[in-house]
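The values are calculated or read from the model by the stated rules, or taken from the named source; none is laboratory data. Because the structure is a prediction, the values reported are computed rather than measured. Don't worry about glycine lacking a Cβ; one is built from the backbone with ideal geometry, like all the others, and counts go over all protein chains shown. In case anyone asks, the SASA skips ligands and DNA or RNA and just uses the protein heavy atoms, side chains included. Shrake-Rupley method; radii C 1.70, N 1.55, O 1.52, S 1.80 Å.
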Amino acid sequence: MRVVGYVRELFAPEDADPAFVQGEAIRSWVRQSGHNLISVCQDVRQEGHGLGREGYQALLGIVAGKGADGVVVPGLTALSPDLMTQEIMIWDLRRRGVTVMSIDEADHRLLMTPTKERLLMRDVLARLEDYHEWAYPAVAEEEEETEGGSGDEVVVELIPASDA
C-alpha cells in the first residue's frame with residue numbers, strides 16, 4: 001500500500017516528540033509493515049509563527065492526486081489533540097478514499113474498534129454526509145436556474161419598518 005506519513009509538533013514541546021522523531025518512527029513502522037512510503041508531510045513549530053496546517057494541506061494534495069492509498073500518523077494526537085477534530089479529519093480522509101493508520105497500538109485499536117463517543121461522532125458525520133447528498137443538489141439546481149437566467153424578473157419592494 002502506498003502511504004503518506006503525517007507528523008505534527010504540538011504547541012508545547014513537552015506534549016509530543018519533535019517532528020524528526022515522529023517521522024523516523026513512521027519510517028520504521030512502514031519498513032516493518034511492508035508498505036511503500038511516498039512522503040512524510042509535517043507541520044512544525046517555527047519561532048515567531050503559529051503552528052499552521054501547511055503540511056496537512058500538502059498531504060491532502062497528495063491524496064487528491066491519487067498518490068496514496070493510506071495515511072500514517074504516529075498517534076491520533078498528531079491529527080489534533082481534540083477528539084472531535086480527530087474524528088472529522090479521519091472521516092474526511094476516509095471519504096477521500098484513504099485508510100487511516102496509527103503506529104501507536106492503542107490508537108490503532110481505536111481506529112478499528114472505536115469508543116461510544118467516537119461512534120456517535122462518526123454517526124453524526126455520516127448523517128451529515130447523507131444530508132448533503134440529498135439537500136445540496138436542490139441548491140445547485142436553484143443556482144443553475146438563476147445563473148442561466150430564466151428571463152423572469154424578480155421585483156423586491158423594500159418597506160420601512162415604521163410602515164410594516
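Selection of segment 6-33 for residues being of a type in the set (D, E, K, R), open to solvent by less than 80 Å² (accessible area, probe 1.4 Å) and either at pLDDT below 95 or assigned to a loop (DSSP other than H, G, I, E, B) (or both) yields 8, 9. The set of residues in segment 92-107 being part of a helix (DSSP H, G or I) and open to solvent by less than 60 Å² (accessible area, probe 1.4 Å) consists of 92, 93, 106, 107. All of (1) in contact (Cβ under 8 Å) with a residue 40 or more places away in the chain; (2) within 15 Å of the chain's Cα centre (by Cα) hold for residue 94 with one exception: (1). Checking each residue in segment 41-83 for being assigned to a strand (DSSP E or B), open to solvent by 70 Å² or more (accessible area, probe 1.4 Å) and closer than 17 Å to residue 102 by Cβ picks out only 42.
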